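First the structure, in the form of structure tokens, and then the observations on it.
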Amino acid sequence: MKSLIPDNISKYDNVFDVLKERGFIEQCTDEDAVRELLGKEKIKFYIGFDPTADCLHVGHFMQIIAIMYMQKFGHTPVVLLGGGTGMVGDPSGRSDMRTVMDVEEIDNNCNHFKKLFDRFIEFDEEWKYEGNQGVYCPGHENKTPEAGKAIAVNNGHWIRPLNFVEFVREVGSKFNVNNMLRAEAFKQRMEREGGLTFFEFSYMLMQSYDFMVMARDFDVRMEFGGDDQWSNIIGGVHLTRKMVGKEVYGMTFSLLTTSEGKKMGKTQKGALWLDPNRTSPFDFFQYWRNVSDADVEKCLRMLTFLPMDEVKRLASLEGAEINKAKEILAYEVTKLVHGEEEAQKALDAARAAFSGQSVANLPTVELEKAVFAGEGKGLVSLIKELGLVTSNGDGFRTIEQGGLSLNRKKVENPKKNVTEADFEDGELLIQKGKKKFLKVVLK
């Protein structure tokens with residue numbers, strides 16, 4: 001698989017400097033040592049992904065891009081699937097306890113994750129982790145990973161067989177509860193009603209154990225993660241030093257947030273998924289086309305592989321010109337996730353929708369003709385069911401404020417019913433505001 005990152009991505013030849021230039025790096029356990037390590041050696045590093053759903057979202061994509069940079073510069077990515085830690089769930093960044101999943105659901109989600117990773121990263125499929133039936137039973141890799149390829153491993157291999165008494169004796173004894181409670185993730189939950197369960201409190205020990213196991217059994221040298229993982233990463237660095245005497249390192253990345261500090265990737269329909277069956281390529285494109293002016297530069301830096309000179313040029317555009325930068329951003333991110341063909345379709349559809357031309361590639365919903373027979377269906381109910389508004393009240397307000405059009409004609413009556421007569425050649429184009437389009441087709 002050819003790298004999607006161009007050879008001229010940066011003037012730097014150390015991936016640490018490249019990640020720094022692109023704005024990824026937030027914290028390091030030892031910045032000078034990490035920079036020297038990544039410049040002088042080719043190492044194994046890991047990023048963990050807990051299978052909280054059966055699909056990756058745009059928050060995961062940030063981690064995937066970091067993996068792609070590291071792989072481009074000759075390092076070996078270890079994609080850790082959380083078949084063990086997913087049975088508990090990370091309390092970091094959460095105000096409540098995660099829904100507990102059963103083993104079958106966790107394994108199913110892990111399998112779906114791996115298939116999505118295969119779209120972006122080339123794996124050595126012959127590499128396997130073998131052995132490890134508990135704290136006292138080290139495992140090993142069956143072979144050295146093939147150069148230029150990543151490896152994937154499931155922490156269920158070493159977490160699910162654990163004996164509780166052995167684990168708290170050998171691992172729990174290395175952690176100071178007072179220090180753990182100072183971790184930001186735990187502090188936030190302790191201050192809320194309901195607090196933190198011991199079940200969740202054990203998560204830090206398990207993630208730290210992950211790092212130690214991989215450092216011991218197949219020489220993983222670094223852990224990467226979002227900035228909310230800092231406490232967990234520090235725990236792994238300390239545990240590895242105490243249990244096996246190895247010096248390992250950690251690095252966190254900036255979270256993908258807006259200029260207002262809100263997490264990106266949230267839509268009215270929920271998360272911005274990487275699977276086209278969950279978020280259509282057009283909706284995916286439109287999300288990035290509609291980011292605020294203040295977020296363009298950050299998104300171009302972190303989510304595309306455009307050279308930094310081009311990123312700075314596009315980010316400096318002002319007024320109506322900034323829309324050109326947003327269009328390029330949307331195209332580049334959609335191309336990475338869904339391929340060049342789907343990105344071009346989304347671009348053509350967006351341009352057509354704004355100019356009044358054919359809208360063949362817009363997201364489309366098929367509905368039974370009978371739904372619109374006779375008196376038809378209430379418009380507000382329809383747009384709510386289609387996910388264009390969040391509630392009936394939102395729908396009425398949108399129409400009353402002049403924010404909804406049917407086949408390019410503004411709707412003025414919020415109590416309107418949609419009938420077959422509103423369709424043109426069996427199609428109805430619904431537009432909310434200036435940027436949200438959906439086509440309804442009769443079947």
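The values are calculated or read from the model by the stated rules, or taken from the named source; none is laboratory data. This one's a predicted model, so the numbers in the text were calculated from it and none came from an experiment. As a convention, Cβ positions derive from the backbone with ideal geometry for all residues, glycine included, and neighbour counts pool all protein chains shown. Note: areas computed on protein heavy atoms with side chains; ligands, DNA, RNA excluded. Shrake-Rupley method; radii C 1.70, N 1.55, O 1.52, S 1.80 Å.
Observations
- Around the amide H of Trp273, modelled in the peptide plane, lie the amide H atoms of Thr279, all under 5 Å away and 5 or more residues distant in sequence or on another chain.
- Paramagnetic reach from Arg241 in segment 199-213 [backbone N under 16 Å; point 7 Å along Cα→Cβ]: 208-209, 211-212
- Cα Rg, Dmax (largest Cα-Cα span) when computed across segment 1-61, Å: 14.3, 38
- Of Lys377/Lys443; Lys149/Lys312; Lys114/Lys174; Lys263/Lys410; Lys174/Lys246; Lys20/Lys44, pairs whose Cα-Cα distance is over 25 Å: Lys149/Lys312; Lys114/Lys174; Lys263/Lys410
- Thr257-Val100 FRET efficiency (beta carbon distance; Förster radius 35 Å; 0.05 resolution): 0.80
- The candidates Glu36, Glu141, arranged from most to least accessible area with a 1.4 Å probe in the full protein assembly, appear as Glu36, Glu141.
- Counting only heavy atoms of the protein chains and using a 1.4 Å probe, Phe73 has close to 40 Å² of accessible surface.
- Under a model in which nothing but the beta-carbon of Lys, Arg (+1) and Asp, Glu (-1) is charged, segment 9-130 shows a dipole of about 420 debye around its Cα centre.
- The GNM of the chain, with springs linking C-alpha atoms under 10 angstrom apart, assigns the highest mean-square fluctuation among Pro77, Pro145, Pro281 to Pro145.
- Available extension along the chain between Glu341 and Thr419 is 24.6 nm, counting 0.36 nm per residue and deducting the alpha carbon span.
- Estimated inter-spin distance, Leu4 and Asp228, nm [label 7 Å along Cα→Cβ]: 2.3 nm
- Between 0 and 90 degrees, the angle of helix 230-244 with respect to the longest Cα principal axis of the chain falls at about 20 degrees.
- Where only DSSP H runs of four or more residues are counted, the chain gives -12000 deg cm²/dmol as its mean residue ellipticity at 222 nm, each run worth -39500 (n - 2.57).
- Ranking by accessible area, most exposed first, for Asp50, Asp348 with a 1.4 Å probe: Asp348, Asp50
- As a length-normalised measure over Cα pairs under 8 Å and 6 or more apart, the relative contact order of the chain settles at 14 percent.
- Derived scalar couplings ³J(HN,Hα) [segment 21-35; Karplus, 6.51 cos²θ - 1.76 cosθ + 1.60; whole Hz; x for Gly, Pro]: 4, 7, x, 7, 6, 10, 9, 9, 5, 7, 4, 5, 5, 5, 4
- Note on segment 309-443: with neighbouring protein chains present and a 1.4 Å probe, carbon and sulfur make up 44 percent of its accessible heavy-atom surface.
- Spin-label model, Gln188/Val441: points 7 Å from Cα along the beta carbon direction are separated by 4.3 nm.
- Put simply, the amide H of Gly139, placed in the peptide plane, has neighbours under 5 Å in Asn132, leaving out anything fewer than 5 places away on its chain.
- Each label was represented as a point 7 Å from its Cα along the Cα-to-Cβ direction; for Thr390 and Phe198 these points are 3.9 nm apart.
- Per-residue SASA entry for His157, accessible area with 1.4 Å probe, Å² rounded to 10: 90 Å²
- Amide proton proximity set for Thr76, modelled H, under 5 Å, gap of 5+: Ile43, Lys44, Phe45
- Looking at the chain, the accessible area is 47 square angstrom per residue; that uses a 1.4 Å probe and ignores ligands, DNA and RNA.
- The accessible area of Val177, taken with all protein chains in place and a 1.4 Å probe, comes to roughly 80 Å².
- The calculated P(r) of the chain, using every Cα pair and 10 Å bins from 0, goes 4, 19, 27, 23, 16, 9, 3, 0 in percent.
- Kirkwood hydrodynamic radius over Cα pairs of segment 274-349, then Stokes diffusion coefficient at 37 °C and 0.692 mPa s, in µm²/s: 268 µm²/s
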